[in-house]
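Heads up, the thing below is written out as structure tokens.
Please treat every number below as a calculation from the coordinates, not as lab data. In this text the structure is predicted, and so the values were computed from the model without any measurement. With ideal geometry, Cβ positions are generated from the backbone for all residues, glycine too; neighbour counts draw on all protein chains shown.
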Amino acid sequence: MSHDIIVPLGVPHSDRYRGVCDGGIDDEDWSEFTEVRRYTNAFIIQDGKILLGYKKRGYGQGLWNGFGGKVEPGESSLQAAERELEEEAGIRAQLRLAGTLFFIDAKVPWAFHIDIFVAHTFTGEIIETDEMRPQWFCAQMAEDTEDPEVARLPQIPYDRMWADDIYWMPQLLRDTPFAGRMDFAKNGTLRKWWVAKVVN
Ligand SMILES: COc1nc(N)nc2c1ncn2[C@H]1C[C@H](O)[C@@H](COP(=O)(O)OP(=O)(O)OP(=O)(O)O)O1
């Protein structure tokens, strides 16, 4: 480690973290955990727009998110991300790792290690599935986009997404690698967060 960046428990140690954005309850510690489960989350960002899915059932029901789920035994997280994207939105894409996040949700007894993937192109037809309702959103400030169709799309609905997303999604949109940790309280509020850019 260099500098004086204190990396939260669960986030891999590295001397490549910069530009930390953190907050929440300062005098409370990060929650302890005993089990870590691996998940994926995949986003298509294309021509100034981002594809999100409205979660119709299960964990995170009623929120907009990327497409993803558990890494099954024997799968790499990339394989899991590609499988989940096809299962939940009907499309295939060559995904690449954009960032890694570590979550605690006090409502569940395990910690989430989530690899976040991105692609800028895809094949197939986007479909609604029993788990997700996909929709395009404008990924830029509406006044910055030259394409009138993109400018007419709704802005990213941060108020209807997991409360942590607003802290790391700007890095995803800028194609800047990132790492972070977020702890949610039992009542669903974001108790504490830490996000860093990862430099080469
Ligand atoms: C706690 O904060 C979270 N924030 C964000 N942005 N995303 C999260 C958070 N916690 C979980 N997620 C993501 C990770 C996955 O993409 C999904 C959850 O996956 P799910 O439980 O639906 O996994 P599946 O394998 O699809 O499950 P079933 O097949 O049992 O439906 O949310």
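Taking the Cβ of D47 as the center, what net charge do the other residues with Cβ under 12 Å away carry, scoring Lys and Arg +1 and Asp and Glu -1?
Net of charged neighbours comes to -2.
Tell me what the chain gives for mean residue ellipticity at 222 nm when only DSSP H runs of n ≥ 4 count, each as -39,500 (n - 2.57), the sum divided by the residue total, rounded to 500 deg cm²/dmol.
-3500 deg cm²/dmol
Please give every one of the lysines within straight-line cross-link reach of K55, meaning a C-alpha to C-alpha distance under 23 Å, and leave out same-chain neighbours fewer than 8 residues apart.
K70, K107, K186
Would you please classify the overall shape of the chain from the alpha carbon gyration tensor, given that a ≥ b ≥ c denote the square roots of the eigenvalues, rounded means a/c under 1.5, and beyond that prolate means a/b larger than b/c while oblate covers the rest?
Because a/c hits 1.5 or more and a/b exceeds b/c, the chain counts as prolate.
Rounded if a/c is under 1.5, else prolate if a/b beats b/c, else oblate: with a ≥ b ≥ c from the C-alpha gyration tensor eigenvalues square-rooted, which is the range 66-138?
It comes out prolate by the Cα gyration axes.
How high is the relative contact order of the chain? Use alpha-carbon pairs under 8 Å, at least six apart in sequence, and give a whole percent.
Relative contact order of the chain: 28 percent.
Calculate one ³J(HN,Hα) per residue across the range 150-156 by plugging θ = phi - 60° into the Karplus curve 6.51 cos²θ - 1.76 cosθ + 1.60, and present them in order as whole Hz with x for glycine and proline.
These are the phi-based 3J(HN,Hα) values: 5, 4, 7, 5, x, 6, 3 Hz.
For the chain, give the magnitude of the charge dipole about the Cα centre (Cβ charges: +1 Lys/Arg, -1 Asp/Glu; no others), in debye to the nearest 20.
In debye, rounded to 20, the chain gives about 220.
Need the full-extension length gain, I166 to D147, defined as separation in residues times 0.36 nm minus the C-alpha distance. One decimal, nm.
Taking I166 through D147 to full extension adds about 4.4 nm, to one decimal.
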